[in-house]
Amino acid sequence: MTWKLSPADTVAVIGAGTMGAGIAHVAAAAGHPVLLLDAAPGAIAAAVEQLTARLDRSVVKGRLSDQDARALVERIQPADAIADIASARLVIEAIVESLAIKQQVLSEVAAVIADDAVIASNTSSLSITAIAGGVPQPERVAGLHFFNPAPVMPLVEVVSGALTDPAVVDGLVAAADAWGKRPVRCASTPGFIVNRVARPFYGESLRLLQEGVADPTTIDALMTGAGGFRMGPFALMDLVGLDVNLAVSTSVYEQTAHDPRFAPNVLQQAQVDAGRLGRKAGAGWYDYSPDVVHPTAAPSRPGALPETVVEHGPLGWAHGIVGMLVAAGVDVDVVDGGGPGHLIFNGIHLVATDGRTATEHAAEATFGSADVAVFDLVHDWSAASRVAVAVADQAGPHVLPTVAAVFGAVGLDAIRVEDSPGLVVMRIVSQLASVAADARLVGVASAADIDAAMRLGTNYPAGPLEWADALGPERVVAVLDHLRAAYGEDRYRASLALRRAAQTGARLRPDQFEENADPSPTTEIPEE
Ligand code: NAI
């Protein structure tokens, strides 16, 4: 069987709320006649009014002609009852997130539409297999998971339930493609791709806060200014709503039989209990009262800049700093050597994190010196503004100012954090990579689709698998192994896929040099 949606085919959207209205916009913009149905009186009129206002703004900005805007709105017609959508070739459901109600509504839909029409659900947390299981002909039911705001966000997760006909998935992928979206295929698994793989972005940040490694301001500043993320995790939780974010975490945790990597955090629960839900409540991790100035991360004060820096052994991902030091007029000598790659100046050993703490290096006398500092992952040296640094407990007082001077020479603020395994950015990115590698291993999606989903659905600066390849899977595994040893928790078990790549030198994204067709990420910050 093949299933194909043509531009003249009618698309019905059930639910005219935030998502349904956006999806109706997308389908109408692609030329389809759209039928919009909602149980609440006035919901469709409100959705059309908002859509018209949005299109008017596009007309004013010159992005759309007045004629096209009016034609788009006219293609969307209200439907009063399910019987009225019988002509639809595709029905997309975006109603309340309840399995029983979705099954009921979709069963009614199945009874009126043609046998070869397809039913899609926009659910973000329910199993497509479970939804389809309650509907006659489950093979024609799939997930079509848009991101908010649907007209702007390019990503669509096309989700197969256990019984979904592959031809239906192919047809939905082609339709999403024709609508100018970037479809990714995924199996019906907890959180699909984005809401599963993104969990450590929040979960590890909350653990860093809980362990006193750094405060929310510092963690956010490092994730943006060193990690290259568009927003820090605490600011993003505030934007999405802590209650919404906690609900997604809890749902994924429950559905994965309490996988410790997805465990919700008590600090977040406490914030929700206290009503500190984020921007919508006026306070969350940050205070949004008028006139309140958000604190900023405090940089360490730089001391005197050393004249010469020695690069000892391969710095790997951190090698980019060397060219910048040279450009800044610092003499850099290179010495081949074993052990972890590091920089030496004024008797100080500055190590690119591999998950060991500075205190551990000093205690083990790795470098025969107590003056050890460790620095965190920087995604792009030329774009970064700061870097996290931890100093060994045994180190002298001159270590931090001297390290701050070296980073200052290349335009980076050194931000001191507690000496902990993997520091901040490397710890979060390693855990993201491990969860992503596992998602590929257990068949959630292909490696290319996982990376595309995370770049386009959450605006990450790189897909977690291509990022792990760039860092070296062996480095990511080392970081996770040190975290696991330090905390004794299964939460930090490295994905077997990551460990195998580290053992064989294979890439997690062998295809990445062939495929280069992804649209650019949007400037929008997504919501869960
Ligand atoms: P919403 O509350 O804004 O809109 C839901 C609409 O469905 C309301 O207008 C409501 O009157 C209508 N509705 C409820 N039961 C109905 C029924 N039995 N028949 C017809 N209409 C009915 O909700 P939102 O945020 O648009 O979410 C809809 C779906 O999309 C949910 O499954 C949600 O999980 C999913 N989703 C939400 C995202 C978001 O960021 N809000 C992102 C991606 C998916």
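The values are calculated or read from the model by the stated rules, or taken from the named source; none is laboratory data. Because the structure is a prediction, the values reported are computed rather than measured. Here Cβ is always computed from backbone atoms with ideal geometry, including for glycine, and neighbour counts include all displayed protein chains. Side chains included, ligands, DNA and RNA excluded: accessible areas come from the protein's heavy atoms. Shrake-Rupley method; radii C 1.70, N 1.55, O 1.52, S 1.80 Å.
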Inset, instruction - Output yes when any residue across the stretch 159-168 is open to solvent by less than 10 Å² (accessible area, probe 1.4 Å) and more than 16 Å from the ligand (Cβ to nearest atom), and no when none is. - result: yes
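Residue-by-condition table, conditions (1) more than 25 Å from residue 209 (Cα to Cα); (2) charged (D, E, K, R):
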| residue | (1), (2) |
| --- | --- |
| 401 | no, no |
| 410 | yes, no |
| 415 | no, no |
| 434 | no, no |
| 443 | yes, no |
| 451 | yes, yes |
| 462 | no, no |
Legend entry - Filter result (surrounded by fewer than 22 Cβ atoms within 10 Å (Cβ to Cβ) and either in contact with a strand residue (DSSP E or B) (Cβ under 6 Å, 6 or more places away or on another chain) or closer than 17 Å to residue 404 by Cβ (or both)) within the stretch 352-368: 367
Legend entry - Residue in the stretch 212-220 that is open to solvent by less than 10 Å² (accessible area, probe 1.4 Å) and within 25 Å of residue 122 (Cβ to Cβ) present: no
Inset, instruction - Examine the stretch 123-138 for a residue that is in contact with a strand residue (DSSP E or B) (Cβ under 6 Å, 6 or more places away or on another chain), at pLDDT 95 or above and away from the ligand (no atom under 16 Å from the Cβ), and state whether such a residue exists. - result: no
Inset, instruction - Could you grab me the full set of residues in the stretch 468-505 that are among the small types (Gly, Ala, Ser), under 21 Å from the mean Cα position of the chain (by Cα) and not in a helix (DSSP H, G or I)? - result: 472, 494, 495
Inset, instruction - Run residue 96 past the list (1) open to solvent by less than 50 Å² (accessible area, probe 1.4 Å); (2) closer than 19 Å to residue 124 by Cα and report the number of the one that doesn't hold. - result: (1)
Inset, instruction - Within the stretch 52-65, identify whether any single residue is within 16 Å of the ligand (Cβ to nearest atom), out of contact with any Cys (no Cβ under 6 Å at 6 or more places or on another chain) and in contact (Cβ under 8 Å) with a residue 24 or more places away in the chain, and answer yes or no. - result: yes
Inset, instruction - Tally the residues that are within 16 Å of the ligand (Cβ to nearest atom), at negative phi and not hydrophobic (A, V, I, L, M, F, W, C), restricting the search to the stretch 6-49. - result: 8
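Can you list the helices (runs of 4 or more DSSP H) lying wholly within the stretch 84-189 that have 2 or more residues being out of contact with any helix residue (DSSP H, G or I) (no Cβ under 9 Å at 6 or more places or on another chain)?
Working: elements: 99-112, 128-133, 166-178.
Because the criterion is at least 2 residues that are out of contact with any helix residue (DSSP H, G or I) (no Cβ under 9 Å at 6 or more places or on another chain), the helices (runs of 4 or more DSSP H) in the stretch 84-189 that meet it are 99-112, 166-178.
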Legend entry - Breaking point among (1) over 17 Å from the mean Cα position of the chain (by Cα); (2) assigned by TED's automatic domain parsing to the domain that holds residue 312; (3) not acidic (Asp, Glu), for residue 441: (2)
Inset, instruction - State which residue is nearest to the ligand (Cβ to nearest atom) when the search covers only the stretch 247-275 and only residues that are within 20 Å of residue 288 (Cα to Cα) and open to solvent by 10 Å² or more (accessible area, probe 1.4 Å). - result: 272
Inset, instruction - Could you check how many residues of the stretch 289-327 are open to solvent by less than 50 Å² (accessible area, probe 1.4 Å), assigned to a loop (DSSP other than H, G, I, E, B) and not polar (S, T, N, Q)? - result: 5
